[in-house]
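A short write-up of the structure that comes next.
The values are calculated or read from the model by the stated rules, or taken from the named source; none is laboratory data. Being a predicted model, the structure only gives us computed values, none of them experimental. Cβ atoms come from the backbone with ideal geometry, glycine included; neighbour counts cover every protein chain shown. All accessible areas refer to the heavy atoms of the entire protein, side chains included, with ligands and DNA or RNA removed. Shrake-Rupley method; radii C 1.70, N 1.55, O 1.52, S 1.80 Å.
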Amino acid sequence: MRVIFKRPESLSDRITHYCPGCTHGVIHRLIAEVLDELGLRERAVGIAPVGCSVLAFNYFNFDFQQAAHGRAPAVATGIKRARPDLIVFTYQGDGDLASIGMSEIIHAANRGEKFTVVFINNAIYGMTGGQMAPTTMPGQVTTTSPRGRDVQDVGYPIRMCELLASLKTPAFIERVAVHNPRQVINAKRALKEAFSLQRDCVCFSFVELLSTCPTNWGFSPYQATKWLEENMLPYYPVQNFKRPEKKGEKDAG
Amino acid sequence: MAKVLMKGNEAIAESAVRAGGLLYFGYPITPQSEIGEYLARRMPEVGGCFLQIESEVAVANLLYGAAGAGARVWTSSSSPGISLMMEGLSYIAAAELPCVVVNIARCGPGLGGILPSQGDYLQAVKGGGHGDYHCLVLAPSSVQEAVDLMPLAFDRADRYRNPVIVLGDGMIGQMMEPVEFKEHNFPPLPPKDWATTGCKGRKPNVINSLYLDPVEEEKLNFKLAAKYEEMKRKEIRFEEMETDKPYQVLLVAYGTTARVCKTAMQRLRADGINTALLRPITLFPFPEDRVYELAQRAEFVLTVEMSTGQMVEDVRLAVGRTRPVYFYGRTGGIVPSPEEVVETVKNHLRR
Amino acid sequence: MSRISATGSSEVTVNGVRWINAEEFFAGLGRVNIFVGGYGSGKSEVAVNFSLSLAARGQKVSIADLDIVNPYFRSRAARAVLEKNGVGLILPPVEIMESDLPLIQPEIAGALKNATSRLVLDIGGDPVGAKVLASLVQWLPGDDYNCFLVLNSRRPFSGSVLEVEKLIAGIEQSSGVGITHLVINSHLIEETERAVIEEGIELGKAVSKKTAKPIGFVAIEDRIFEKLATVDLPYPVLVLHRLLLKPWEENEKLGPRCFKL
Ligand SMILES: Cc1ncc(C[n+]2csc(CCOP(=O)(O)OP(=O)(O)O)c2C)c(N)n1
Ligand code: SF4
Ligand SMILES: [Mg+2]
């Protein structure tokens with residue numbers, strides 16, 4: 001019998017606590033597959049954030065550190081500066097990265113720290129019960145924006161890729177999504193590119209993944225997918241923002 | 001090596017480098033910026049890393065990451081910056097990671113001023129951040145002692161897997177004194193087999209402070225408490241002066257104020273008043289037994305600080321009601337003068 | 001080479017500051033005297049003593065504390081003694097004096113131009129501290145000034161000819177002012193021994209040979225000077241009296257050895 005689907009070695013043999021239809025699980029698997037395929041598991045150190053993925057260290061089968069809320073890029077910098085040979089990535093939610101950890105992510109990106117950021121944008125604070133995030137859509141109802149996000153009062157959602165792409169140093173920035181198989185394949189390609197760039201000590205790499213939080217959005221997983229397509233995709237375009245020039249291209253230019 | 005004349009801040013930096021503290025992250029703040037400036041020059045010479053980071057909040061979390069990856073890592077700051085590090089320090093203590101944090105304290109609260117203070121005593125010795133933890137706290141009172149305590153700080157941080165605070169003040173950081181760098185030999189340390197260094201050939205390591213199971217969290221708390229008890233048994237350090245002769249008054253002071261007390265003691269002796277000094281070098285663990293013993297031979301105890309009364313709380317806990325414990329303090333960056341200490345002693349004796 | 005002993009005939013003692021063999025030196029002194037040097041080399045202590053000795057000679061003199069890199073132990077800490085002894089002060093306002101703000105007083109330009117008074121500038125250490133001079137260079141009086149590099153061979157990054165050359169180049173580049181003299185101030189405070197001073201002079205000589213900058217004078221603290229049996233130097237000697245003290249030293253010293261207050 002031929003095995004056509006199995007658990008990547010980089011994932012541990014545990015059932016996750018994520019809600020049905022939550023995309024955290026899908027993204028975990030993509031990271032694991034990429035690390036397996038690149039043969040990087042034994043050098044990998046992940047950093048779990050504070051957010052729904054706070055227990056991510058239980059689900060991966062390699063070294064992990066658990067960081068304070070928003071500080072994963074600082075922790076990653078510490079690890080990478082101490083041990084540049086390790087393959088380091090942060091796994092952060094939108095509250096973690098774009099709110100409380102804004103300073104840490106911008107400065108790590110701007111220094112060009114050679115680690116990879118996996119940024120989970122689900123437009124909400126999942127873990128604490130569905131409060132407004134800096135990425136919450138205009139008009140989106142959350143427990144702390146019960147009449148919908150009022151942009152006159154709290155401004156428009158922050159687009160992290162665009163913000164970081166305005167910096168000169170960070171060289172790989174891409175936004176992807178995981179709400180259908182075609183997008184998942186593309187997301188894996190982007191993650192693989194990001195980790196390869198880190199492996200080759202090229203640059204800081206940032207991959208934003210548009211995600212669903214059916215539980216706190218108050219939708220079925222299918223409705224959540226539709227909501228993401230209709231509301232998030234137009235505001236958060238799926239595209240590559242920056243990619244380091246290949247040696248040859250640069251020379252040619 | 002020939003003696004050199006160094007500022008406290010530079011000497012601390014050089015001593016740390018010699019003790020293998022080759023990874024330093026920091027953010028500028030007066031009166032300790034010379035530490036970073038010295039290292040920015042020195043680290044490249046020794047293959048170390050100096051990195052200026054965006055905030056002290058981030059710095060403490062870099063320490064967490066680097067210590068978790070097995071490195072000997074340290075930072076320095078002054079009071080407002082140390083407050084920002086409390087988040088990270090709490091995580092570091094919980095995850096049982098070694099690191100050294102130097103606080104060249106300045107007066108406060110708030111932004112305060114740039115002059116020296118001992119107003120961070122309680123923050124340093126009682127935990128400082130959230131949760132049930134302690135740092136080992138070392139308090140030098142001369143530039144030479146600061147030099148000698150740095151290697152000890154690194155060793156004990158590794159040995160106990162616990163953050164160590166070196167608590168100085170602006171005076172210790174800014175003054176210049178001749179110093180000598182000696183070799184320090186410590187027994188071998190256990191391997192850092194818990195560090196996240198890549199899981200090749202072993203099970204994955206996790207650096208973590210999250211315990212959702214109350215039984216597991218309590219286990220951690222009891223484990224940490226046992227570690228602090230061990231420190232109390234093994235790490236208490238202090239200096240005594242004139243305790244081998246009869247004395248009327250026991251002075252208790254650390255760091256800069258201990259230097260002031262030493263001058264005051266000479267004056268008092270000239271006036272026929274005998275005093276003794278106990279100078280804690282470890283502030284946590286505090287030399288409580290010795291304070292109690294020495295207090296019993298005195299009429300009263302006088303604690304002198306650059307605060308409105310912080311260490312005196314620990315002195316009172318140690319002495320209890322067996323002897324009066326008086327306090328003299330100056331703040332705002334004003335260092336008590338030897339005269340003031342002399343007068344205070346005389347006033348209490350007259351009563 | 002002149003031989004002078006500690007009680008030599010060319011000794012002048014006023015207000016606790018003594019100068020030995022300095023007549024020629026004073027005759028050639030410029031109106032503006034700038035003290036630069038490595039970080040912690042003792043510029044402020046030398047500048048304060050230097051100002052006091054000018055005032056003691058009956059000269060009109062002001063001192064400007066332009067240290068923007070040190071937060072403590074700056075010449076402003078000796079303001080009471082300076083003021084009482086007739087040295088004019090160009091200092092930041094008292095309310096914000098004890099800060100780490102880079103404070104440059106606007107009066108400084110006027111003082112640099114004022115031909116009737118001597119001026120002493122105490123500049124912060126290293127090329128970073130010397131930067132303040134760059135904005136003042138335009139008002140420096142032609143060649144009627146001296147720029148002294150204070151040198152303590154027992155300070156980090158100041159122990160070899162190479163290091164001192166680097167320091168000189170750095171300071172001259174950042175300040176835009178050429179250093180005219182070296183001041184030998186090698187010491188370990190109370191632990192200073194003859195050998196430390198001699199080593200400083202040797203280094204000074206070697207630097208002088210390399211850079212063609214003469215040794216202006218040698219500074220020796222009075223307590224150390226008293227312990228040296230004889231001093232045999234072909235340079236002027238400033239026997240200085242430490243004024244920038246640690247809090248626990250302060251009062252020990254306010255005895256008879258102090259300036260007249
Ligand atoms: C200093 C601090 N403040 C607040 C919290 C509470 N908190 C935990 S998770 C979270 C929001 C997480 O949201 P996000 O990063 O979007 O992750 P998600 O759960 O959506 O994956 C907050 C506010 C905390 N743990 N620490
Ligand atoms: S609350 Fe939302 S983000 Fe968290 S696990 Fe559930 S679906 Fe996922
Ligand atoms: Mg979220």
Query raised in the report: For region A:112-127, what are the residues that are among the β-branched types (Val, Ile, Thr) and away from ligand 2 (no atom under 16 Å from the Cβ)?
Result: A:116, A:117
Report summary line: Residues in region A:113-128 that are open to solvent by less than 10 Å² (accessible area, probe 1.4 Å) and away from ligand 1 (no atom under 12 Å from the Cβ) total 4
Report task. Kindly indicate the residue of region A:205-218 that is under 23 Å from residue A:193 (Cβ atoms) and within 15 Å of ligand 1 (Cβ to nearest atom) and also farthest from the other protein chains (Cβ to nearest Cβ) among those meeting that condition. Result -> A:210
**Report entry** Matching entry among B:260, B:215 (being surrounded by fewer than 11 Cβ atoms within 10 Å (Cβ to Cβ), more than 14 Å from chain A (Cβ to nearest Cβ) and in a helix (DSSP H, G or I))
**Finding:** B:215
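I'd like to verify a number: residues in region A:62-111 that are open to solvent by less than 10 Å² (accessible area, probe 1.4 Å), of a type outside the set (Phe, Trp, Tyr) and more than 16 Å from ligand 2 (Cβ to nearest atom), how many?
23
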Report summary line: Residue pairs within 6 Å by beta carbon, gap of at least six or interchain, first lying in region B:331-346 and more than 7 Å from every other protein chain (Cβ to nearest Cβ), second hydrophobic (A, V, I, L, M, F, W, C) and open to solvent by 10 Å² or more (accessible area, probe 1.4 Å), listed first then second, are B:332/B:107
Report summary line: Of the listed residues (C:56, C:47, C:27), the one being open to solvent by 20 Å² or more (accessible area, probe 1.4 Å), aliphatic (A, V, I, L, M) and modelled with pLDDT of 90 or more is C:27
Query raised in the report: Looking at residue C:37, is it within 14 Å of chain B (Cβ to nearest Cβ), in contact with a Lys or Arg (Cβ under 8 Å, 6 or more places away or on another chain) and on the phi > 0 side of the Ramachandran plot?
Result: yes
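Every residue, every condition in (1) within 16 Å of ligand 3 (Cβ to nearest atom); (2) without any contact (Cβ under 8 Å) to a residue 12 or more places away in the chain; (3) of a type in the set (S, T, N, Q), yes or no:
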| residue | (1), (2), (3) |
| --- | --- |
| A:107 | no, no, no |
| A:124 | yes, no, no |
| A:151 | no, no, no |
| A:165 | no, no, no |
| A:182 | no, yes, no |
| A:185 | no, yes, no |
| A:206 | no, no, no |
| A:215 | yes, no, yes |
**Report entry** Contacts under 8 angstrom Cβ, first residue in region A:133-148 being under 16 Å from residue A:100 (Cα atoms), partner open to solvent by 50 Å² or more (accessible area, probe 1.4 Å) and within 10 Å of ligand 1 (Cβ to nearest atom), 6 or more apart
**Finding:** A:133/A:99; A:133/A:125; A:134/A:99
Query raised in the report: Can you name the condition, by its number, that residue A:197 falls short on among (1) at pLDDT 95 or above; (2) exposed (fewer than 14 other Cβ atoms within 10 Å of the Cβ); (3) not β-branched (Val, Ile, Thr)?
Result: (2)
Query raised in the report: Can you find a residue in region B:8-23 that is within 7 Å of another protein chain (Cβ to nearest Cβ), over 30 Å from residue B:226 (Cα atoms), touching a residue at least 40 places away in the same chain (Cβ under 8 Å) and open to solvent by less than 10 Å² (accessible area, probe 1.4 Å)?
Result: no
Query raised in the report: For the subset of region A:38-65 comprising residues that are more than 16 Å from ligand 1 (Cβ to nearest atom) and aliphatic (A, V, I, L, M), which member is nearest to the other protein chains (Cβ to nearest Cβ)?
Result: A:45
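Does any residue of region A:219-234 turn out to be more than 14 Å from chain B (Cβ to nearest Cβ), in a loop (DSSP other than H, G, I, E, B) and within 16 Å of ligand 1 (Cβ to nearest atom)?
yes
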Query raised in the report: Only one of these conditions is not met by residue B:154: (1) over 19 Å from the mean Cα position of the chain (by Cα); (2) in a helix (DSSP H, G or I). Which number is it?
Result: (1)
**Report entry** Pair list, Cβ under 9 Å, 6 or more apart: region A:9-27 residue farther than 13 Å from residue A:60 by Cα, other residue open to solvent by 60 Å² or more (accessible area, probe 1.4 Å) and within 14 Å of ligand 1 (Cβ to nearest atom)
**Finding:** A:19/A:215; A:20/A:215; A:21/A:215; A:22/A:215
Query raised in the report: Residues in region B:37-45: is at least one open to solvent by less than 10 Å² (accessible area, probe 1.4 Å), within 14 Å of chain A (Cβ to nearest Cβ), outside any strand (DSSP E or B) and of a type in the set (A, V, I, L, M, F, W, C)?
Result: yes
Query - Count of residues meeting criterion [under 18 Å from residue A:29 (Cβ atoms) and either within 16 Å of ligand 3 (Cβ to nearest atom) or without any contact (Cβ under 8 Å) to a residue 12 or more places away in the chain (or both)] in region A:55-89 - result: 3
Query raised in the report: Can you name the condition, by its number, that residue C:255 falls short on among (1) open to solvent by 20 Å² or more (accessible area, probe 1.4 Å); (2) at pLDDT 95 or above; (3) not hydroxyl-bearing (Ser, Thr, Tyr)?
Result: (2)
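To keep it simple, each residue is scored yes or no on (1) in contact with a Lys or Arg (Cβ under 8 Å, 6 or more places away or on another chain); (2) of a type outside the set (Val, Ile, Thr); (3) more than 17 Å from residue C:49 (Cβ to Cβ); (4) modelled with pLDDT of 95 or more.
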| site | (1), (2), (3), (4) |
| --- | --- |
| C:184 | no, no, no, yes |
| C:188 | yes, yes, yes, yes |
| C:198 | no, yes, yes, no |
| C:207 | yes, no, yes, yes |
